[in-house]
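Derivation of every value follows stated rules applied to the coordinates shown; laboratory data play no part. Computed from a predicted structure; not experimentally measured. Ideal geometry is used to build each Cβ from the backbone, glycine not excepted, and the neighbour counts take in all protein chains shown.
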Amino acid sequence: MMLPYFPIDLEKSFDDLFEYQKKFIHGIDVLLNLKDTESNKTPKELFYKEDKMKVFHYKPLAKKVSKVPTLIIYALVNRQYMMDIQQDRSVIKNLLELGLDLYIIDWGYPTAQDKYVTLEDYIDVYIENTVNEILKRTDSTKVNIIGVCQGGTFSAIYTALNPEKVKNLVTMVTPIDFEAGRKAKDGYLFKWSKDMNVDNLVDTYGVIPGEFLNGGFDFLKPFQLMLNKYVSIVDNLENPDTAANFIRMEKWILDSPDQSGEAFRRFIKELYQENRLIKGTFDIGGRVVDLKKITMPVLTICGDEDHIVPPESTRPLLDYVGSKDKELVSYPIGHIGMYVSSKSHHVIAPKIAEWLLKREK
Amino acid sequence: MSENMDFMEMYFENQKKMFDYWQDLMNVVVTPKDKAQGKKEEPNSDFEESLRPTQEMTKQWFEFNDQYLKNISKVFFPLQFNKIFSGANIYQNLYEIWEDLIKTFTGKDSDPITFCNKWIKDYQKLLSSNFIFYLPEQVQNFSKKFIEIYSLSTDTSQKFLHPWLEGSQTLQNLLTKSITGDKTAYIEFVKLWNEKFSSTYGKIFNMPIFSMNRELMQKQMHSINASINFINTMSEFFATMAKVSQETFEKIIKDYQEMLVKGNNPKTFKEFYEYWWKQNEAAYHKLFGTDEFSKLISQVMDAGVNFKKEFDSLLENTLKFLPYPTRTDMDSLYRTLDDLKREVRALKKEVIMLKEIKANTVTIS
């Protein structure tokens, strides 16, 4: 029913509103009776532990399992179980079924006493000891590394410093060229961090609250992430599976560990602000990180719609590494969609598994 | 007697002068030359010009009276005359100051700072050169010292308030504009206000403090200053955000009206909601990409961090007499723990290495 002098469909508008109210009430009922909202359910066992870091080994799910162990290095921001958010869309489960032998680092939750943990500790101690332990216990000479987001930056740094221990390197939505990220259309985090007084922040807080980072991420798309997400979910809340998935994602988004101050200081200052990795002036424990020393096969994956790590900051890795076998793959998805979308299940995970298995020999 | 004679002589002299002035005045209005040229005896067409001779005469008349009274006062009741004379002076000087005041605040090119400077100086001069005269001699010196100190303190106050005086006009204009709906003006107003505050009252909170409770008081002051700075920065931030929101809303209304005319408007509320939030998101993204916003968001963060830092420090100082470890105590402990952890890690590595060497040695032997 259109109003004669005012072209608005009033009847449909009312119908929509009533429908929304009905869905909302049903949705509340569904939420009250949700049972399974857990993530991180793919079977695994504790493999190694050091300080707050835990390394898990997933139980293989394929008949034929890769002989080269693959270590997933996740970011310090948020938690690694995003890759195993729900069983029907688990990147981890998918990779296991496709034949990979997977290990994953869980960085844990830094507390006040971890304020002095440095980037050297993360790369030269925790990652180094994990890799050594995997090599020792699997009797291997090399590992594959899949680096995710900031974990990808750590992976590239570790690999450049220890190329003899890494067989293949995969980086996913990984910031490498921070200046390029700043110039990208959606590179707000890169832009905002340029003027940030990180010294004052770290000196005052010691350990940077996870809420601080979460607030920053939400602010990148204020209407979409703080309003529309909660308005539009009502349309699908009647479906218990959709409701459960939504709750899992919400739990994961808000599960944001605090950041060790000293590591955060250097990451922001020397990488986000000074772009030292690309300039070749970044060092770990006095050893300069030269990306040219990465000579093994490299696969770089980026999301065309990634607003957290724009593809502009990810792609340049391939220009700086010394590898001859290198490949760039990009998908029309965002940062989170890389791990939880149907594309991640049907396209991305198979691509990674296939690429690694092909280079096993 | 000679004084009396002098006075009489001067009196006649002044009378004569008085007639001369009068004659001159008439000559200015209509000169003999004008008469010769047949010019009619009409009042000067330029009113101000026509007043000038009168003003000149009045001025000279005052000067004459001044001389006259001074001379009289030398002869009769010198003290009383002098006091009357000074009283008139004060009245006249005060009138001049008032006149300046009126000119300053009504003139097109009014300059409040120059006026204030002049006013203070004139007023002090007025006090020191006129009023003191009425005081008993013993107190006069004391009063002069007092005025000196007063002068010093007004100088300091003036220096302190200078940024406000300097920006008062701009602040007033910006506020007026923002009240009438200019959103940029409000942001500029907040920015300027913050600037003026930091360079004036803000300094008070960072002033060195003495006495036994110096540390606590200093921390309190710093904490208050940091909270004010934080609130000010947040005001600027929210004003910037609100500006985008308002502008976007105005744009949405305008575009919606145009769409209504063309018939391509969102037909239901749901469609309108979609259109509304996407327009807003796009507007904020435009703001987020600017260097100004980048700087502003860093300022907000820094101001918030500074406030926390100062407040934490104040809390620690307040709690230090209670039997609880403070954050500083814990930090020291964490540092020791971290050092020890690193040492243990290095020693462990060394032990493993030594064990390996020993094992290899045994195998070889």
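Which of A:Met83, B:Met353, B:Met234 has the fewest other C-beta atoms within 10 Å, and how do the rest follow up to the most? All intermediate terms of the calculation are to be shown ahead of the outcome.
Values: A:Met83 27, B:Met353 10, B:Met234 15.
The most exposed by this proxy come first: B:Met353, B:Met234, A:Met83.
Could you give me the ³J(HN,Hα) list for the range A:349-356, computed from phi with Karplus coefficients 6.51, -1.76, 1.60 and θ = phi - 60°, whole Hz, x at Gly and Pro?
4, x, 4, 4, 4, 4, 5, 6
Using a 10 Å cut-off around each Cβ of peptide B:338-345, what is the average number of partner chain Cβ atoms that fall inside?
That works out to 3 on average.
Determine the sum of side-chain charges near A:Val289: Lys and Arg each +1, Asp and Glu each -1, restricted to other residues whose C-beta is under 9 angstrom from that of A:Val289.
Details: positive: A:Arg276, A:Arg287, A:Lys293; negative: A:Asp283, A:Asp290.
For residues surrounding A:Val289, the net value is +1.
Within the range A:57-177, how many Lys pairs that are eight or more residues apart, or on different chains, come under 28 Å at the alpha-carbon?
Lysine pair count for the range A:57-177: 29.
How crowded by other chains is A:195-206, given as the mean number of beta carbons from other chains within 10 Å of each beta carbon? Let's see the in-between values first.
Values: counts 9, 5, 6, 2, 1, 6, 6, 1, 2, 10, 4, 4.
Other-chain Cβ atoms within 10 Å of each residue's Cβ, averaged: 5.
Can you give the FRET efficiency to the nearest 0.05 for B:Val261 and B:Lys121, using r as the Cβ-Cβ distance and R₀ = 60 Å?
Step by step, r from the Cβ atoms, then E = 0.35.
Normalised by the number of residues in the range A:49-190, what is the relative contact order in percent for Cα pairs under 8 Å and 6+ residues apart?
On the way: 223 pairs, mean separation 37.6, N = 142.
Once divided by the residue count of the range A:49-190, the mean separation gives 26 percent.
Between A:Lys293 and A:Thr138, what length in nm is gained on full extension when 0.36 nm per residue of separation is reduced by their alpha carbon distance?
Working: separation 155, 0.36 × 155 = 55.80 nm, distance 2.53 nm.
Computed gain between A:Lys293 and A:Thr138 is 53.3 nm.
Of the lysine pairs in the range B:231-283, how many meet both conditions: Cα atoms under 16 Å apart, and a spacing of 8 or more in sequence or different chains?
On the way: B:Lys243/B:Lys251; B:Lys251/B:Lys278; B:Lys254/B:Lys262; B:Lys254/B:Lys278; B:Lys270/B:Lys278.
Final tally of qualifying lysine pairs is 5.
Label A:Leu32 and A:Glu164 with points 7 Å out from Cα along Cα→Cβ: what is the distance between them in nm?
Inter-label distance under the simple model: 6.5 nm.
Among A:153-160, A:348-355, what's the highest-first ranking by average C-beta atoms within 10 angstrom per residue?
Most protected by this proxy first, the peptides run A:153-160, A:348-355.
Report the full-extension gain for the segment A:Gln87 to A:Glu327: residue separation times 0.36 nm, less the Cα-Cα distance, to one decimal in nm. The partial results should precede the final answer.
Values: separation 240, 0.36 × 240 = 86.40 nm, distance 2.89 nm.
Value of the extension gain: 83.5 nm.
Which whole number gives the average, over all residues in A:36-44, of C-beta atoms from other chains lying within 10 Å of the residue C-beta?
On the way: counts 0, 0, 0, 0, 0, 0, 0, 0, 0.
Counting other chains' Cβ atoms within 10 Å and averaging over A:36-44 gives 0.
With a 10 Å radius around each residue's Cβ, average the other Cβ atoms per peptide and rank B:267-274, A:173-180, B:296-303, B:334-341, highest first. Please list the in-between numbers first.
Details: B:267-274: 16.6, A:173-180: 24.2, B:296-303: 19.6, B:334-341: 13.5.
Top to bottom by mean Cβ count within 10 Å: A:173-180, B:296-303, B:267-274, B:334-341.
If each DSSP helix of 4+ residues adds -39,500 (n - 2.57) and the sum is divided by the residues in chain A, what number results at 222 nm, nearest 500 deg cm²/dmol? Walk me through the numbers on the way to the answer.
Details: 16 runs with 136 residues, N = 361.
Computed mean residue ellipticity for chain A: -10500 deg cm²/dmol.
Quick one: if you stick a label point 7 Å off each Cα along the C-beta vector at B:Ser153 and A:Lys64, how many nm between them?
Calculated label separation equals 9.6 nm.
Below 8 Å, C-alpha to C-alpha, sequence gap of six or more: please give me the relative contact order for the range B:216-365 in percent. All intermediate terms of the calculation are to be shown ahead of the outcome.
On the way: 50 pairs, mean separation 57.7, N = 150.
Taking the mean separation of contacting Cα pairs over the length of the range B:216-365, I get 38 percent.
Please give the net charge around B:Leu333, taking every other residue with its beta carbon less than 14 angstrom from that of B:Leu333, where Lys and Arg add +1 and Asp and Glu add -1. Before the final figure, lay out each step's value.
Details: positive: A:Lys115, B:Arg327, B:Arg335, B:Lys341; negative: A:Asp114, B:Asp329, B:Asp331, B:Asp338, B:Asp339.
The answer is -1.
Within 10 Å of each residue's Cβ, count the other Cβ atoms and sort A:Phe282, B:Phe311 from fewest upward.
Values: A:Phe282 22, B:Phe311 17.
Going from least to most buried by this count: B:Phe311, A:Phe282.
What is the total of Lys pairs in the range A:183-274 with C-alpha atoms under 21 Å apart, excluding same-chain pairs fewer than 8 positions apart?
Close lysine pairs under the 21 Å cut-off: 13.
Using Cβ contacts closer than 10 Å as the measure, can you line up A:Phe223, A:Phe14 from fewest to most? Kindly include the intermediate steps, with their values, before the conclusion.
On the way: A:Phe223 19, A:Phe14 13.
Going from least to most buried by this count: A:Phe14, A:Phe223.
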